[in-house]
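The values are calculated or read from the model by the stated rules, or taken from the named source; none is laboratory data. Bear in mind the structure is a predicted one, so any value in this text is a computation, not a measurement. Here the Cβ positions follow ideal geometry from the backbone for every residue, glycine too, while neighbour counts run over all protein chains shown.
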Amino acid sequence: MIKHLIAGREVESADVFETLNPATGEVLAEVASGGADEVDQAVRAAQEAFPAWAARPAADRAAIMHRLGELITRDVPELSRLETQDTGQVIGQTGKALVPRAANNFHFFAEQVKRMDGESYPSDTGHLNVTMWQPVGVCALISPWNVPFMTATWKLAPCLAFGNTAVMKMSELSPLTADRLGQLALEAGVPPGVFNIVHGYGATAGEALVSHAGVRAVSFTGSTATGHRIVRAAGLKKFSMELGGKSPFVVFDDADYERALDAALFMIFSNNGERCTAGSRILVQRGIYERFQADFAARAQRLTVGDPLDPKTIVGPMISAGHLAKVTGYIEAGRREGARLLCGGGTPDVGAAFRGGNWVQPTVFADVDNAMSIAQDEIFGPVACLIPFDDEAQALAIANDTAYGLSSYVWTESTGRALRMARGIEAGMVFVNSQNVRDLRQPFGGVKASGTGREGGHYSYEVFCEAKNICISY
Ligand code: NAD
């Protein structure tokens, strides 16, 4: 039984739900299902713990964050296995990238808080302004199911390092690694009440948490629809909203063809396509379009789909039966709307042991019109849309013809064109001749329906701190 973590103690609820292994459909664990009562207890614990934690010297908090990072590194095999079982994200990703990155999140923000500086504005009117960052108080940290451990730590590390206390709610579909995170935090020396976890559904635990008067800031990662609901329910609080995406991956005919092809495959099929920064609309210039679609589909068909615990597997199962139905529904819509199915679309043969899982083949549509629902809606699965274009102006128009604006990718050997596209694309992030590569100092986040706020490096101050100005007359 997975229980809540409140004031350093495990707490049960009258209600429970089950978390399933998406590869097999088997029950992995029963989980306490919290509501307004558990949320209230957790927020009160976080409020009580706040003054002492905020008053600790930054170097103390940093040392505890480093220790937590070390414990995660110690437990990479266990944590990555658990994450793979709970989410279907393949072990090659969880073991080599996602869980190690979670450890880095703590090391990174442990150093960031030691560098945290203020500003001063001396004036010739006999006043000196001193601006300092102060912690906000109790923060609600809400994560989705796609890469839950990495996302949870990306929020928790700056939140705690900067002196706040936290109540975390993980997705009901993937609570297991957060439970271990709670235990590891206590082992690392995070005082009871500084980090609390309430498990449960969005409509109950989630809504109670964001609307609790004791919560001062909400760091949310999830869908755009839920982001809207949270802002309406929460009232006046600080928000960081990391929402959905439908990112363009633009390949001009002068691009380094093989590297662009590799990166295009990676950006839509890695993480099972369940990736907010997925390059899900692949815009290809007409001169290379025929060759690109043939090569792309041939490579997509060769991707190994199956047991996510097998290191050779590239694409695992969808998180849930409901999400699988959503993805296959879009594949049907693509066919209906007249896109050309190049490969996939069906159920892969994964063997008897995995029949109860949520499987779909890597799927490629060509000749997609950007107005089709498969090009406009976030599918959040391994479904690639290839869209031809003629010139730079058309590529930019198609790239921006979307409600979203999270990430984008531009492939060209022309520096001028790369910079013109990068300037023109409406997105929080543009990668030129690169897949999504993260530097933890960079601002991460989106524009339009992809959200508000940036996290990363000193940009995280805006989310987890208040700027206080002190004006001194002399
Ligand atoms: P979701 O919005 O359904 O749920 C996200 C979290 O919000 C879950 O913990 C859920 O329980 C909770 N929640 C649901 N309703 C709530 C409510 N009314 N009040 C408070 N909390 C509530 O999203 P999901 O299906 O879990 O995740 C997929 C989505 O997340 C995709 O849209 C994806 O693009 C997005 N995502 C964004 C980023 C990013 O950094 N921009 C990263 C990963 C995933």
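This table checks each residue for (1) within 16 Å of the ligand (Cβ to nearest atom); (2) within 29 Å of LEU324 (Cβ to Cβ); (3) more than 24 Å from the chain's Cα centre (by Cα); (4) of a type in the set (Ser, Thr, Tyr).
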residue	(1), (2), (3), (4)
LYS237	yes, no, no, no
LEU243	yes, yes, no, no
CYS276	yes, yes, no, no
VAL305	no, yes, no, no
ASP310	no, yes, no, no
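Residue-by-condition table, conditions (1) surrounded by fewer than 18 Cβ atoms within 10 Å (Cβ to Cβ); (2) in a loop (DSSP other than H, G, I, E, B):
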residue	(1), (2)
ALA14	yes, yes
GLU18	yes, no
VAL43	no, no
ALA46	no, no
ALA59	yes, no
PRO77	yes, no
SER80	no, no
ASP86	no, no
Test: ALA140 is closer than 27 Å to VAL215 by Cα, buried (at least 21 other Cβ atoms within 10 Å of the Cβ), at pLDDT 95 or above and touching a Lys or Arg at 6+ places or on another chain (Cβ under 8 Å): yes
LEU309 touching a strand residue (DSSP E or B) at 6+ places or on another chain (Cβ under 9 Å), in contact (Cβ under 8 Å) with a residue 40 or more places away in the chain and either surrounded by fewer than 22 Cβ atoms within 10 Å (Cβ to Cβ) or not in a helix (DSSP H, G or I) (or both): no
Residues being within 22 Å of the chain's Cα centre (by Cα) and free of Cβ contacts under 8 Å to residues at least 24 places away in the same chain - total across region 50-93: 2
Region 208-233: number of residues that are within 21 Å of the chain's Cα centre (by Cα), closer than 14 Å to VAL136 by Cβ and either more than 9 Å from the ligand (Cβ to nearest atom) or surrounded by fewer than 23 Cβ atoms within 10 Å (Cβ to Cβ) (or both): 2
Residue list for region 20-41, restricted to those being outside any strand (DSSP E or B), within 24 Å of the chain's Cα centre (by Cα) and among the hydrophobic types (A, V, I, L, M, F, W, C): ALA23, VAL39
Selected residue [surrounded by fewer than 23 Cβ atoms within 10 Å (Cβ to Cβ), in the same structural domain as TYR330 (by the TED database) and within 15 Å of the ligand (Cβ to nearest atom)] from ALA403, ALA422, ALA418, ALA397: ALA403
